[in-house]
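Participant: Take a look at the following structure, please.
Bear in mind these aren't lab numbers, they're just calculated from the coordinates by the rules spelled out. Here the structure is a predicted model, which is why all the values come from computation and not from measurement.
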Amino acid sequence: MQYAKQFDILNLIMMPFKERLSVFNDEFVAADNFDEPDNGACISKDLESNSLIASHYPFRVQFTMLLFCLRGFVRVGLNLVEQRLERNDLLIVQAGAIGQGLEFSEDCRVGIIAFSNNYFIPDEQNSRMAIVMRKFLSAHSVLSLTDPQMEEFLETYRAIRRKIGDADSKYAREILKCHMQVLYYNGCRFMEPYVDKDETKHGSRKKQLFDRFMQLLKQYYSTERSIGFYADKMCITPKYLSQAVYAVSGRHAGDWIRDYVILEAKALLRSRQYSVQQISDMLNFANQSFFGVYFKKAVGCSPSAYRNMG
C-alpha cells in the first residue's frame, strides 16, 4: 500500500520576526531581526511562540531558504548534519530538506530570504555557474563570507525588502527575480574557491562518485538499504563505492543509508499521521518487528517511544 508522506511542515507564513516580515504574493519572504534592541529580546523570543521552528524534532521545509547570520550564532540540524552559523555565515536550505531548530544565541542577528516558487531561481543557462552551484551544495550547506562579500549580499537583501515594501510597484515580481539572479551569480562566485579546494583535496573521481551516491540515496533511501543496489546503479563494486564515500566524507556508505532512513522515520513518527505499521510499510521493511529492531538499534528506543517523547 502506498501512502503520501506527511510531516510537520514549515511554511512561509510560519517565519519568525512577525513585525519585520515582508511577504510578496505568499511566495516570497524577507525577514530579519536586525533592529531588535540589545536587551535580550532576540529571535529566541519569536521562536518561543512557534513550537515547530523551535522544535528539536525534524520537520519538512517546503521552500528554498537562505538564512544568514550577522552576529551571535545559530545551531540547526539539516538532513542529518548539525550546522552552526556565526558572523557572516549563510545557510542554504533546499526545498524538501528536513530541518531541526536547535539553538539561537541571545545576541543573534539573523535574516531570511525564502521563496516557494522556482520562478525566483535563475535559469541555469551558464553551465559553469550551474556546475559550481551543484558541486558546492552537494558537499556544503553553509557558505562563509568575507566582510565585503556580506556587505554586497546585504545590499541586495535591502533592495529586495524595499521592493517588497513597494506594494504599488509595477513588475515587482520580475524585479525580485533579477535581484535573486544577482544573489545567485554572486553566490557562485563566492562558492568557486571552495569547489576548487574540494576537488584538489578529494580527487575529482572520488568526489564525483560520492556526489552521485548522495543523489541516488536521496532518491531511493526509503526503499533501498543495500550498498550493492547503489553500486550497481553506478556500475562499480560495493567495496569501491564504500572506499570512495569514506575517503570523501569520513563516513561509511552504510551509515549514510541508515541515517537517511532513520531521519525519514523520525519525521514520519513525529508527524503522528501514520501508525508504526504504516511507516514500516512506507520504508519498505519486511514487517513492523524488523522496523522496530532497526530503529531501536540506531536511536536507542522503540518507534512508539520516540513518537511519545516531548
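Participant: Pairs Lys197/Lys266; Lys177/Lys266; Lys197/Lys297; Lys135/Lys296; Lys135/Lys239; Lys163/Lys266: which are spaced more than 32 Å apart, C-alpha to C-alpha?
Facilitator: Lys197/Lys266; Lys177/Lys266; Lys197/Lys297; Lys135/Lys296; Lys163/Lys266
Participant: Let me ask something else about it. Using just the C-alpha positions of the range 117-196 as equal point scatterers, what log10 of I(q)/I(0) does the Debye formula give at each q in 0.11, 0.16, 0.22 1/Å?
Facilitator: -0.33, -0.67, -1.08
Participant: Please report the base-10 log of the normalised intensity I(q)/I(0) for the range 93-230, using a Debye sum with one equal scatterer per alpha carbon and no solvent, at each q in 0.15, 0.17, 0.22 (1/Å).
Facilitator: Those come out to -0.97, -1.17, -1.47, one per q.
Participant: Next question, about the same structure. In nm², what is the average projected area of the convex hull enclosing the Cα atoms of the range 216-310?
Facilitator: Numbers: hull surface 25.7 nm².
That works out to 6.4 nm².
Participant: Using the C-alpha gyration tensor of the range 155-285, what are the square roots of 5 times its eigenvalues, in whole angstrom, with the largest one first? Intermediate results must be reported in sequence, preceding the final value.
Facilitator: Numbers: eigenvalues 286, 136, 25 Å².
Taking √(5λ) for each eigenvalue gives 38, 26, 11 Å, largest first.
Participant: Can you give the direction-averaged projected area of the convex hull of the alpha-carbon atoms in the range 192-254, in nm²?
Facilitator: Over every viewing direction, the Cα hull of the range 192-254 projects on average to 4.2 nm².
Participant: Next up: Run the numbers on the range 250-305 and let me know its relative contact order in percent, using alpha-carbon pairs under 8 Å that are six or more apart.
Facilitator: Once divided by the residue count of the range 250-305, the mean separation gives 26 percent.
Participant: Something else now. If one computes the Cα centroid of the range 138-163 and of the range 242-287, what distance in Å separates the two points?
Facilitator: The two parts, judged by their Cα centres, are 33 Å apart.
Participant: As an exercise, take the mean of 1/r over every pair of distinct alpha carbons in the range 65-123, invert it, and state the Kirkwood radius in angstroms.
Facilitator: Averaging 1/r across every pair of different Cα atoms and inverting gives 12.1 Å.
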